[in-house]
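The values are calculated or read from the model by the stated rules, or taken from the named source; none is laboratory data. Just so it is clear, the structure is predicted and the values come from calculations on it, not from any experiment. Positions of Cβ are backbone-derived with ideal geometry, glycine not excepted, and every protein chain shown enters the neighbour counts. Remember, those area values only see protein heavy atoms, side chains included, never the ligands or the DNA or RNA. Shrake-Rupley method; radii C 1.70, N 1.55, O 1.52, S 1.80 Å.
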Amino acid sequence: MLATHLDAEKRYTMIRKSTLEVSQRKLSSRSEYASLKLKLIDIDALNMAKKWAKSSMRRVNWEWVEGYSVLKFRYPKRFELAIWVGRELISLTMGRPTYNGTALRLDFIEASPEKPKGLKVVPAVLFVMITYAEALGASQIRVMNPINDAVKKYYESIGLVYVAEEDYLYLRL
Amino acid sequence: MSDKIKSLSAERNKKKPRSLESSVEAAARNFLDKIPDDLEEPESFASGGDMTKISEEEDTNGKS
């Protein structure tokens, strides 16, 4: 790894950690999000995510260990988030800035198949992501490749706009 | 020439980075506060493409 890449990794890890701290304070003050604990993706989260593969409720077959490893190596400015409630992993998210840094992409988000019904995780994820995007100077967030129509409509119901030609939704900041 | 125009366009689309305190307040005001209380999230929520292709992807739909 080049020294410049290592410097960027350290610098943006600090920004990611600080983003989680300020976002956590805000979410903890809202009753519907107060139980959520925000963390970067670590070995505990990746091990816990392996258990999702056993659930019949799971909609995707993503391998988070390998996927996270590639994203971490290639994108020091990436967005990453693990949300916990107590000792249960509730969701994992990964994304990265676009080529020119004008938008921050959310490439993958998965909630635990065992997530308690009624617990809202997507607004919390996008809130943290918008905070990071604003800190980087991005003017837009993009959610790539919604997996089905229900997911696409959900994003639209919280203010995102769908771009059919390239299969993503965006929110201007 | 067209590359130069694209590059200038990208510069115009970039904003000045905010401080983290300002960022979190803007995110709350412009997004979190607008989420309807009664909105239900789809079960087993997931969104994204083929994770095995992360290493092959080069912003095919995100150059700006």
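Please enumerate the residues belonging to the range A:73-83 that are assigned to a loop (DSSP other than H, G, I, E, B) and open to solvent by 10 Å² or more (accessible area, probe 1.4 Å). Lay out the reasoning, then the answer.
Taking the range A:73-83 first, the residues assigned to a loop (DSSP other than H, G, I, E, B) are A:75-78.
Passing the criteria: A:Tyr75, A:Pro76, A:Lys77.
For the range A:100-120, which residues satisfy the criterion of being facing another protein chain (nearest Cβ under 7 Å) and not basic (Lys, Arg)?
A:Asn100, A:Gly101, A:Thr102, A:Ala103, A:Asp107, A:Phe108, A:Ile109, A:Glu110, A:Ala111, A:Pro113
Scanning the range A:84-138 for residues that are in a helix (DSSP H, G or I) and small (Gly, Ala, Ser), which turns out farthest from A:Met57 (Cα to Cα)?
Step by step, filter the range A:84-138, then rank; the result is A:Ala135.
Hey, A:Val70 hits all of (1) open to solvent by less than 80 Å² (accessible area, probe 1.4 Å); (2) touching a helix residue (DSSP H, G or I) at 6+ places or on another chain (Cβ under 7 Å) but one; which does it fall short on?
Result: A:Val70 passes all but (2).
Which members of the range A:139-162 meet the condition of being more than 7 Å from chain B (Cβ to nearest Cβ) and under 23 Å from B:Glu25 (Cα atoms)? Lay out the reasoning, then the answer.
Filtering the range A:139-162 for residues more than 7 Å from chain B (Cβ to nearest Cβ) gives A:140-141, A:148-149, A:152-153, A:155-156, A:160-162.
Result: A:Gln140, A:Ile141, A:Tyr155, A:Glu156, A:Leu160, A:Val161.
Quick check on my filter: what residues within the range B:43-56 are at pLDDT below 90, in a loop (DSSP other than H, G, I, E, B) and surrounded by fewer than 17 Cβ atoms within 10 Å (Cβ to Cβ)?
B:Glu43, B:Ser55, B:Glu56
May I ask you to verify whether A:Leu119 is out of contact with any Leu (no Cβ under 7 Å at 6 or more places or on another chain), in contact (Cβ under 8 Å) with a residue 60 or more places away in the chain, surrounded by fewer than 22 Cβ atoms within 10 Å (Cβ to Cβ) and within 21 Å of B:Lys34 (Cβ to Cβ)? Give the derivation first.
Values: out of contact with any Leu (no Cβ under 7 Å at 6 or more places or on another chain): yes; in contact (Cβ under 8 Å) with a residue 60 or more places away in the chain: yes; surrounded by fewer than 22 Cβ atoms within 10 Å (Cβ to Cβ): yes; within 21 Å of B:Lys34 (Cβ to Cβ): yes.
Criteria met by A:Leu119.
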